[in-house]
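Enquirer: Quick one: the structure is below, and I'll ask about it shortly.
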Amino acid sequence: MLNQLKQQNPLIHCMTNMVVTTYTANGLLALGASPVMAYAKEEVGDMAQAAGALLLNIGTPSNELTDAMIIAGQSANQAGKPVILDPVGAGATPFRTEICQKILSEVDVTIVRGNAGELSALVGAQGVVKGVDGSSDGDKEAIAKQVATSFSCIAVLTGEVDVITDGSETYTVSNGHEWLTKVVGTGCLLGGVVAAFAATADKTDFVKACAQAVSYYGVAAENAYNVSQEQGYGTFGQAFIDHLGLLSEEEALRLQRIEMKK
Amino acid sequence: MLNQLKQQNPLIHCMTNMVVTTYTANGLLALGASPVMAYAKEEVGDMAQAAGALLLNIGTPSNELTDAMIIAGQSANQAGKPVILDPVGAGATPFRTEICQKILSEVDVTIVRGNAGELSALVGAQGVVKGVDGSSDGDKEAIAKQVATSFSCIAVLTGEVDVITDGSETYTVSNGHEWLTKVVGTGCLLGGVVAAFAATADKTDFVKACAQAVSYYGVAAENAYNVSQEQGYGTFGQAFIDHLGLLSEEEALRLQRIEMKK
Amino acid sequence: MLNQLKQQNPLIHCMTNMVVTTYTANGLLALGASPVMAYAKEEVGDMAQAAGALLLNIGTPSNELTDAMIIAGQSANQAGKPVILDPVGAGATPFRTEICQKILSEVDVTIVRGNAGELSALVGAQGVVKGVDGSSDGDKEAIAKQVATSFSCIAVLTGEVDVITDGSETYTVSNGHEWLTKVVGTGCLLGGVVAAFAATADKTDFVKACAQAVSYYGVAAENAYNVSQEQGYGTFGQAFIDHLGLLSEEEALRLQRIEMKK
């Protein structure tokens, strides 16, 4: 699927938070996609329609931006383009939780990507969420399935082991590296990578495409760590962009650790 | 001119898009200029007047920001400071095209910097614009000249070969490296570099100053690639900042590939 | 104190300018703190209360953002959390000076971090401020003390030699490297580092904690330069993030150059 993605060079409309715009764009460029950022309500409908997928990331939320996200999301829905929601910090403040609920009620979200704490907050589960780096002791597979069935979407729950499910078809992925948590925007960029894979895949293959996106991303992180070792988090963060671009489909498939759950 | 720039350390008022602010600022600092970002209508007039040049980049546009850009642009006009417009994504949505037209009608723009698709959109020429990385099959020299004469400005059309013209004096530049297209903000930073050269040059030398800015920038990219080779796009993007700072005027002149057209 | 900081992993609520968000977040992550950015008036009160410290940086100011900063600041005040103000570009435009005065009159600011020009502007002293990289010929210790006594806060005045004072207890720090001035956001990140140390320290130790934060930061810059040498400003800026993470408390104490003034 990676070769196909690089060939198609899909346009990904990113409405993401102001902390991670550059890193997201550079990661998508390295991957072989074509990122575009657009936020104004006057143009997001046009841009979402022209794009292959739409990423909604609420990391630095506002009411105005939420309204624009809903316009973009509905436009993507009409055009049959996948919509990826990254509920950054859901549960950390009531404002963020409410924004997610509003988007989920007004837009047909295709994929939700978040950590256990954020996904718990979406379905009202209890979890301790600290800032945007939440954690939860609940059963991650159960949370992911609850999100998937509650919102008729694919849930991509990321953590040490990642869970990808649409409620019936479920995969776990155990690629990745813990240093990803020390570079800002790596989780947000994963939302973009998932969007790029979704823009490339057939709808019937979306769950598997998400699992492959997550695995691909994790292998790139492993390679980045292997090359940069303990030089530091700055060097690792840059090597990760390098390896998002350098990784071949063949190597990604060879190193992937995807398990299908029954 | 580079030595003069480093000596003068001109203040460049950047009203640029939220994806590229950091990269633009770091590139200008490396070059020897002094970047300042200011967006609020309450202060942009003061800042534009204090600066040596003003950069207007519409990459993440809004109506509010457009109003502030016009205030800043008119203030720069009154103070006799050059105004550089980067019409990012013009043609990709009607909103962006209209914003450019509004700025061009209310501000005396000194230099327009964009790719062939964006410049085509400004003059109503037909071109296929995909997101912000547009392309056009039209004759690039003709498009650049049409922009220059339509808006009484200098057009800097960048691509594999860059065209710089005020409608009569025309240069082409063939420095640069294709990896620049894989790092977000390199085109936007070029707008800033052009602004810094314009802040340093005499008005009578602006066309030549633009050609030198574009060439200087391309040589820095070549040097960055020569040093970082195929390590990856992240490493290249950082090496480019390094080499914007390391490149001497002597080496820039030695490696420049500028051709004067009749 | 560094070991304690890494152990506590304090949440730092950053309301900072749009040029430096990524760099600030990565620096804080490397240091061992947990950054969160939140700007909307609907949530900043909640976030500031949950955080260990609040950073207010006016580098890209607006009236709307100022209102949100005051809400956040007052919430932090009520919760007894330290508030750090970084008056970026105070004196460069009247708008920035007025915003600082408004924040200082409505919020109980714990620490003010700026250069000599910015701090002079806060107390009406005369200085030549050029953009956001101000300078002043006044006596830096006198300026810092005037800020500290005028606003009942700790002043952290940074420059070649840094001055930290609450008006009676005064330290100077002579760590650091001049290349810090060639990487955007290093000063702004220092505001974040000071916030993280303040979130960790006892209130009675805040002056000393600020001096240690400034010294720690300077040692990391020295180490970054020693490793990256003259490779360029891009490489240095990344190595600085590396060394913010690599520096141990032991080495920081060994290399610190803090002088207590009477």
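The values are calculated or read from the model by the stated rules, or taken from the named source; none is laboratory data. Since we're looking at a predicted model, the values are computed, not measured. Here Cβ is always computed from backbone atoms with ideal geometry, including for glycine, and neighbour counts include all displayed protein chains. Each accessible area value is taken on the protein alone, full model and side chains, heavy atoms only, with ligands, DNA and RNA left out. Shrake-Rupley method; radii C 1.70, N 1.55, O 1.52, S 1.80 Å.
Enquirer: Condition first: in contact with a Leu (Cβ under 9 Å, 6 or more places away or on another chain) and farther than 17 Å from B:Val107 by Cα. Now tell me which residues in the range B:48-74 satisfy that.
Expert: The answer is B:Ala50, and nothing else.
For (1) within 14 Å of chain C (Cβ to nearest Cβ); (2) without any contact (Cβ under 8 Å) to a residue 12 or more places away in the chain; (3) in a helix (DSSP H, G or I); (4) under 13 Å from A:Leu2 (Cβ atoms), each residue gets a yes or a no:
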position	(1), (2), (3), (4)
A:Val184	yes, no, no, no
A:Leu189	yes, no, yes, no
A:Ala198	no, no, yes, no
A:Val207	no, no, yes, no
A:Ala213	no, no, yes, yes
A:Val219	no, no, yes, yes
A:Glu230	yes, yes, no, no
A:Ala239	yes, no, yes, no
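Enquirer: Determine the pairs where a residue that is part of a helix (DSSP H, G or I), located within the range A:1-17, has a partner that is of a type in the set (D, E, K, R) with Cβ atoms under 8 Å apart, the partner being 6 or more residues away or on another chain.
Expert: A:Leu2/A:Glu249; A:Asn3/A:Glu249
Enquirer: Keeping to the range C:174-206, report how many residues are closer than 24 Å to C:Ile58 by Cβ and buried (at least 20 other Cβ atoms within 10 Å of the Cβ).
Expert: Number of matching residues: 20.
Enquirer: Return the residues of the range C:174-210 that are within 21 Å of C:Val20 (Cα to Cα) and not hydrophobic (A, V, I, L, M, F, W, C); say none if nothing qualifies.
Expert: Passing the criteria: C:Gly176, C:His177, C:Glu178, C:Thr181, C:Lys182, C:Gly185, C:Thr186, C:Gly187, C:Gly191, C:Gly192.
Enquirer: Looking only at the range A:241-262, filter to residues that are assigned to a helix (DSSP H, G or I) and within 14 Å of another protein chain (Cβ to nearest Cβ); which one of those is nearest to A:Ala209 (Cα to Cα)?
Expert: Per the stated criteria, the residue is A:Leu244.
Enquirer: Looking at C:Thr158, is it at pLDDT 95 or above and surrounded by fewer than 21 Cβ atoms within 10 Å (Cβ to Cβ)?
Expert: In short, no.
Enquirer: Among the residues of the range B:64-106, count how many are more than 14 Å from chain A (Cβ to nearest Cβ), closer than 23 Å to A:Lys41 by Cβ, β-branched (Val, Ile, Thr) and not in a helix (DSSP H, G or I).
Expert: Qualifying residue count for the region: 0.
Enquirer: Restricting the search to the range B:207-222, which residues are more than 19 Å from B:Ile111 (Cα to Cα) and open to solvent by 20 Å² or more (accessible area, probe 1.4 Å)?
Expert: B:Glu222
Enquirer: Turning to a different aspect of this structure: Find the residue count for the range B:20-30, including only residues that are touching a residue at least 40 places away in the same chain (Cβ under 8 Å), facing another protein chain (nearest Cβ under 8 Å) and open to solvent by less than 10 Å² (accessible area, probe 1.4 Å).
Expert: 2
Enquirer: Within the range C:175-182, identify whether any single residue is at pLDDT below 95, over 12 Å from the mean Cα position of the chain (by Cα) and in a loop (DSSP other than H, G, I, E, B), and answer yes or no.
Expert: Looking for residues that are at pLDDT below 95, over 12 Å from the mean Cα position of the chain (by Cα) and in a loop (DSSP other than H, G, I, E, B), one finds none in the range C:175-182, hence no.
Enquirer: Then there is this: Working carefully through the options C:Val193, C:Val163, find the one that is within 26 Å of C:Thr110 (Cβ to Cβ) and either part of a helix (DSSP H, G or I) or within 14 Å of another protein chain (Cβ to nearest Cβ) (or both).
Expert: So the residue among C:Val193, C:Val163 that is within 26 Å of C:Thr110 (Cβ to Cβ) and either part of a helix (DSSP H, G or I) or within 14 Å of another protein chain (Cβ to nearest Cβ) (or both) is C:Val193.
Enquirer: Pairs only if they're at least six apart or on different chains, beta carbon under 8 angstrom, first in the range B:31-60 and among the hydroxyl-bearing types (Ser, Thr, Tyr), second not in a loop (DSSP other than H, G, I, E, B); list them, first residue then second.
Expert: B:Ser34/B:Leu11; B:Ser34/B:Ile12; B:Ser34/B:Leu28; B:Tyr39/B:Met15; B:Tyr39/B:Leu65; B:Tyr39/B:Ala68; B:Thr60/A:Met37
Enquirer: Okay, next question. Looking at the range A:46-63, which of its residues are within 9 Å of another protein chain (Cβ to nearest Cβ) and not in a loop (DSSP other than H, G, I, E, B)?
Expert: A:Asp46, A:Met47, A:Ala50, A:Asn63
Enquirer: Also, I was wondering about something else. Is it the case, given these coordinates, that A:Ala38 is more than 17 Å from the chain's Cα centre (by Cα) and small (Gly, Ala, Ser)?
Expert: yes
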